[in-house]
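Everything on this sheet refers to the single structure shown next.
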Amino acid sequence: MNRYQDLFNRLRKTGRAAFVPFAILGYPSPASSLDWIRPLIERADALELGFPFSDPIADGPAIQKAAHMALRAGATRATHFAILARIRAEYPDLPIGLLVYANLVYRTGLDAFYETAHQAGVDSVLVADVPVSEIQPFSNAACAHGIDPILIAPPNASDRTLAQIARTSQGYTYVLSRSGITGTETVAGRPSNELLARLRDLGAPPALVGFGISNPEDVRRVLRAGAAGVIVGSSLIEKAKTPQGLRPYLLELWQATRL
Amino acid sequence: MSATHPDPDPPRAGRFGRWGGRYVPEILVPALDQLETAFEHARCDPDFQAELSHLLTHFAGRPTPITRCANFLRGSGLEVYLKREDLLHGGAHKTNQVLAQMLLARRMGKRRVIAETGAGQHGVAVALAGARFQIPVRIYMGQRDCERQAPNVFRMKLFGAEVIPVDSGSATLKDAMNEALRDWAASYEQTHYLVGTVAGPHPFPTLVREFQQVIGEEARAQMLEECGHPPDAVIACVGGGSNAIGIFSAFLADSETRLVGVEPAGQGLASGRHGATLARGTPGILHGAETMILTDEEGQIQESHSISAGLDYPGVGPEHVDLCERGRVEYVSATDAEALDAFTRLSREEGIIPALESAHALAYCIRLARERPPASRMLVNLSGRGDKDLSHVQKYLDGSTP
């Protein structure tokens with residue numbers, strides 16, 4: 001059984017795209033992390049969870065702050081995997097992806113990391129600072145433990161790189177609609193529809209578009225361009241601070257995933 | 001080699017043994033590829049070499065001399081020569097490779113340059129080169145470093161650079177580097193990220209070494225001219241390690257010459273408050289390279305400590321790890337207190353104020369001199385001058401900083 005394949009088949013039948021919220025494990029603290037994640041799951045077709053890292057170079061200020069808060073509150077590998085196991089037990093069919101940084105995997109040992117992730121019921125792992133040229137030891141270890149390695153396809157990648165990404169990424173392809181880091185706004189490289197068409201031609205797994213998606217219009221735009229879904233992270237942390245809170249915002253985004 | 005670590009098939013581009021590589025978000029790969037191509041073309045382009053050489057001579061003040069110490073460690077058996085990178089324009093060796101990268105940036109058609117800085121010496125070099133090339137410059141600098149190196153912040157601003165204090169994490173060099181990488185991920189089309197040391201993703205460790213080799217090439221020729229043979233030992237401080245690679249590279253084939261890198265032991269290796277990544281670090285991945293780093297069991301990066309902002313970094317250039325493993329370079333360390341002592345001694349005995357970074361290399365000589373060594377000739381890379389450190393050192397000497 002592959003939870004991502006099942007998900008994309010299901011969505012195709014119901015005429016929807018995937019809504020994938022992102023959260024930092026252990027935020028705001030290991031004890032209250034599930035309280036933060038549960039409302040996301042109510043609307044989630046799949047979940048993307050980040051291990052907090054001291055030096056998250058691919059993330060913007062909102063995620064970095066959340067990561068540092070989690071670490072200060074005592075979040076560790078053990079607390080992350082405990083939270084993951086609980087989510088898996090409660091939601092057996094929900095695809096769960098991890099977003100991590102290379103040193104977190106390296107320090108654990110590649111084999112040990114992917115094995116533990118598999119045991120906790122994780123479906124995929126994306127290593128934010130490992131490009132396809134360095135991915136092999138990571139993707140080998142992932143596949144050996146039944147975990148889908150996820151690669152990022154950026155708009156500026158060469159055709160050769162895109163082909164490697166299409167071949168290596170399993171489960172889904174994480175597509176950047178633009179350059180930069182999470183939660184910021186810049187535009188560069190080829191337009192999303194062109195990138196998405198190229199990835200389809202190359203036989204890449206379904207595309208989830210992330211980085212800088214913060215309102216229903218963003219969602220509709222990338223879905224019109226041909227994405228199979230969206231990943232939303234930084235803006236959730238911001239919205240949670242507003243008086244209306246997160247729920248109406250999550251509903252709005254979720255509704256925008258109707259094709 | 002453990003099977004659980006990325007296990008390279010030898011030899012791979014951008015690797016020194018198993019160390020180095022290119023661990024960056026995919027979005028940065030095209031920018032690194034572009035830089036690598038520009039660098040490969042430039043290194044065998046006589047026009048590029050001529051322009052760089054002209055700048056180094058007429059703008060930066062190369063060659064720098066070597067100075068035989070008249071009083072420092074006199075009578076100890078050690079004869080100490082200093083390679084005077086402190087006399088280079090900008091006040092440190094940093095200017096050498098900054099000028100080269102500025103030329104590369106211009107060749108690549110970049111309209112803006114960003115950089116990170118610790119002590120501020122690299123920031124100053126980038127800022128002055130930005131003024132010379134009339135390219136807008138933005139420097140990321142840890143908030144804590146901005147405070148302890150205030151004169152350099154002012155200097156960068158005088159050159160017209162924008163200085164962005166970074167207050168996340170430990171508010172030092174690693175955090176400034178994080179911020180510069182983030183800027184670059186969004187701006188690489190128009191922007192060159194001018195890395196200041198032999199760390200970071202490929203091709204930076206190779207590129208920065210290439211343009212710092214001039215230190216060693218000059219120094220070796222100068223020593224031959226002065227003494228008739230290479231020195232018995234070459235000593236340099238190691239933070240990221242660019243001044244050390246720069247001077248060591250010319251002596252690697254001189255098997256009789258000991259090469260010694262001096263890491264910052266901060267308040268002592270046992271205190272846990274140091275920046276000695278080769279002595280006390282663990283293999284890991286930081287800022288684009290597989291190298292030795294200060295990291296905890298969880299893989300979180302630990303904060304380093306050193307009296308010298310330029311050595312206060314929890315990683316080290318990957319080539320140093322390889323040189324260490326192969327045993328060609330010995331790596332030792334000197335504490336804050338030893339560096340301070342060397343700082344004041346060289347000032348008093350030679351009329352030269354060394355940078356706190358370079359004072360670590362001198363501190364090793366002082367320690368060696370106490371062991372009644374056989375007569376030997378030492379070449380120390382005096383990588384920078386200490387003017388930037390004056391107020392910081394004054395506070396230490398007054399006892400107002402712990």
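The values are calculated or read from the model by the stated rules, or taken from the named source; none is laboratory data. Here the structure is a predicted model, which means the values were calculated and not measured. Heads up, the Cβs are rebuilt from the backbone with ideal geometry, glycines too, and the neighbour counts pull from every protein chain shown. For the accessible areas, the whole protein counts, side chains as well, though only heavy atoms, and no ligand, DNA or RNA atoms are used. Shrake-Rupley method; radii C 1.70, N 1.55, O 1.52, S 1.80 Å.
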Conditions: (1) in a loop (DSSP other than H, G, I, E, B); (2) farther than 30 Å from A:Leu195 by Cβ. B:Ala13 meets all but one. Number of the miss?
-> (2)
Output yes when any residue across region A:76-96 is on the phi < 0 side of the Ramachandran plot, within 14 Å of chain B (Cβ to nearest Cβ), part of a loop (DSSP other than H, G, I, E, B) and open to solvent by 10 Å² or more (accessible area, probe 1.4 Å), and no when none is.
-> yes
Within region A:169-196, which residues are open to solvent by 30 Å² or more (accessible area, probe 1.4 Å) and either at pLDDT 95 or above or not small (Gly, Ala, Ser) (or both)?
-> A:Gln170, A:Thr184, A:Glu185, A:Thr186, A:Val187, A:Arg190, A:Pro191, A:Asn193, A:Glu194
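Matching residues to (1) within 29 Å of A:Leu71 (Cβ to Cβ); (2) surrounded by 20 or more Cβ atoms within 10 Å (Cβ to Cβ):
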{"position": "B:Ser308", "(1), (2)": "yes, yes"}
{"position": "B:Asp312", "(1), (2)": "yes, yes"}
{"position": "B:Arg328", "(1), (2)": "no, no"}
{"position": "B:Leu356", "(1), (2)": "no, yes"}
{"position": "B:Glu371", "(1), (2)": "no, no"}
{"position": "B:Arg385", "(1), (2)": "no, yes"}
{"position": "B:Gln394", "(1), (2)": "no, no"}
{"position": "B:Gly399", "(1), (2)": "no, no"}
Considering only residues that are among the acidic types (Asp, Glu) and in contact with a Pro (Cβ under 7 Å, 6 or more places away or on another chain), look in region B:22-55 and name the one that is nearest to the other protein chains (Cβ to nearest Cβ).
-> B:Glu26
Answer yes if at least one residue in region B:166-173 is part of a helix (DSSP H, G or I), open to solvent by less than 20 Å² (accessible area, probe 1.4 Å) and either polar (S, T, N, Q) or out of contact with any Cys (no Cβ under 7 Å at 6 or more places or on another chain) (or both), and no otherwise.
-> no
If you scan region B:16-62, which residues turn out to be of a type outside the set (Gly, Ala, Ser), closer than 23 Å to A:Leu151 by Cβ, in contact (Cβ under 8 Å) with a residue 12 or more places away in the chain and outside any loop (DSSP other than H, G, I, E, B)?
-> B:Ile27, B:Leu28, B:Pro30, B:Leu32, B:Gln34, B:Leu35, B:Glu36
Could you list, in sequence order, all residues of region A:109-164 that are touching a helix residue (DSSP H, G or I) at 6+ places or on another chain (Cβ under 7 Å), over 30 Å from B:Pro30 (Cβ atoms) and among the polar types (S, T, N, Q)?
-> A:Thr116
When every residue in region B:186-202 that is touching a Leu at 6+ places or on another chain (Cβ under 8 Å) and over 17 Å from B:Ile285 (Cβ atoms) is compared, the one farthest from the other protein chains (Cβ to nearest Cβ) is B:His192
Any idea how many residues of region A:142-161 are facing chain B (nearest Cβ under 10 Å) and open to solvent by less than 10 Å² (accessible area, probe 1.4 Å)?
-> 5
Checked region A:122-138 for anything more than 10 Å from chain B (Cβ to nearest Cβ) and open to solvent by 10 Å² or more (accessible area, probe 1.4 Å); matches are A:Asp123
Mind checking whether some residue in region B:281-296 is in a helix (DSSP H, G or I), in contact (Cβ under 8 Å) with a residue 24 or more places away in the chain, surrounded by fewer than 20 Cβ atoms within 10 Å (Cβ to Cβ) and not charged (D, E, K, R)?
-> no
Kindly check whether there is at least one residue in region B:127-149 that is β-branched (Val, Ile, Thr), at pLDDT 95 or above and assigned to a helix (DSSP H, G or I).
-> no
Considering residues that are facing chain B (nearest Cβ under 9 Å), surrounded by fewer than 24 Cβ atoms within 10 Å (Cβ to Cβ) and part of a helix (DSSP H, G or I), the number found within region A:48-72 is 4
